[in-house]
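The values are calculated or read from the model by the stated rules, or taken from the named source; none is laboratory data. This is a predicted model, so every value here is computed, not measured. Don't worry about glycine lacking a Cβ; one is built from the backbone with ideal geometry, like all the others, and counts go over all protein chains shown. Side chains are part of the model used for accessible areas, which takes the heavy atoms of the whole protein and leaves out ligands, DNA and RNA. Shrake-Rupley method; radii C 1.70, N 1.55, O 1.52, S 1.80 Å.
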Amino acid sequence: MSELLKHLKPGITQETRLEKIHNVIFDNSKIGSKAVAREIADLIKYKQSKNQKCILSLATGSSPIIVYEELINIHKKEGLSFKNVITFNLDEYFPIEKDDLLSYNHFMSYHLFDHIDIPKENINIPRGNVSSKDIYSYCNEYEKKINNLGGLDFQLLGIGRTGHIGFNEPGSNKNSVTRLVSLDFITKEDAAGDFNGIDNVPDKAITMGVDTIMRAKRIVLLAWGHKKSEKVAKSI
């Protein structure tokens, strides 16, 4: 495991990152999730030692849940503080209210934020109830806030059945930034169970762009199980 963690340490340069896509196969999702959680915890502690903010971009869905559980365990059992952490979530359905049980705001509170000591003002999740006339300026401000903090230190990703990251469906422009997008039918179909039918799934979402994501200093994409294997193989 110590050798594996060496590969997962932050600090990969732009040159080495573009050489190939490094991938690690785990026996099960719990082992992999614990390794990723430990890397995030080590990064937070390193930033604390330098008296710096740690800028994390976080994902929703089933893939990162065990990572969040492990971060909570590290916080409770080892005293890891999140007071120097600023988070940005990848995406949010549109339209949806903040307190809706199916919103990603609720997801993050339930699975992570309600159980750690992160200051509430340090949590940034796209608002799904922005008025349509203000959506362009709102997305620009979200992007600007990330840039003003020096960009993302760590980007946690999952991958959808269409191959989407965040809600960037295949074909999204590589220069894209935070914006309003339309959801692919397959993406809506995958969410239909949660929303009690595909007709209830929002047609749109706010998502960070491909360029926003790729500018992160460190990116880890989680994909567990055989259902994701084909998309992972094609991506690599």
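Remark: the Cα gyration tensor places segment 83-188 in the rounded category, a/c being less than 1.5.
In terms of the mean number of neighbouring beta-carbon atoms within 10 Å, the peptides 86-99, 180-193, 130-143 order highest first as 86-99, 180-193, 130-143. Placing a pseudo-label 7 Å from each Cα along the Cα-to-Cβ vector at Asp211 and Asp134 gives an inter-label distance of 2.5 nm.
Over 24 Å apart at the Cα level, from the set Lys83/Lys188; Lys34/Lys174; Lys34/Lys77; Lys50/Lys83; Lys83/Lys217, are Lys83/Lys188; Lys34/Lys174. Summarising the strand pairing of the chain, around 45 percent of its internal DSSP beta bridges are antiparallel. Rounded to the nearest 500, the 222 nm mean residue ellipticity of the chain from helices alone is -11000 deg cm²/dmol, with -39,500 (n - 2.57) taken per DSSP H run of at least 4 residues.
In this structure, the residue pairs whose Cα-Cα separation is over 22 Å, taken from Lys30/Lys145; Lys98/Lys145; Lys120/Lys144; Lys204/Lys227, are Lys30/Lys145; Lys204/Lys227. Shape of segment 136-236 from its Cα gyration tensor (a ≥ b ≥ c, root eigenvalues): rounded if a/c is under 1.5, otherwise prolate when a/b > b/c, or oblate? Oblate, since a/c reaches 1.5 and b/c is not below a/b.
Heavy atoms of the protein chains alone define the surface here; on that basis the chain has 54 Å² accessible area per residue at 1.4 Å probe size.
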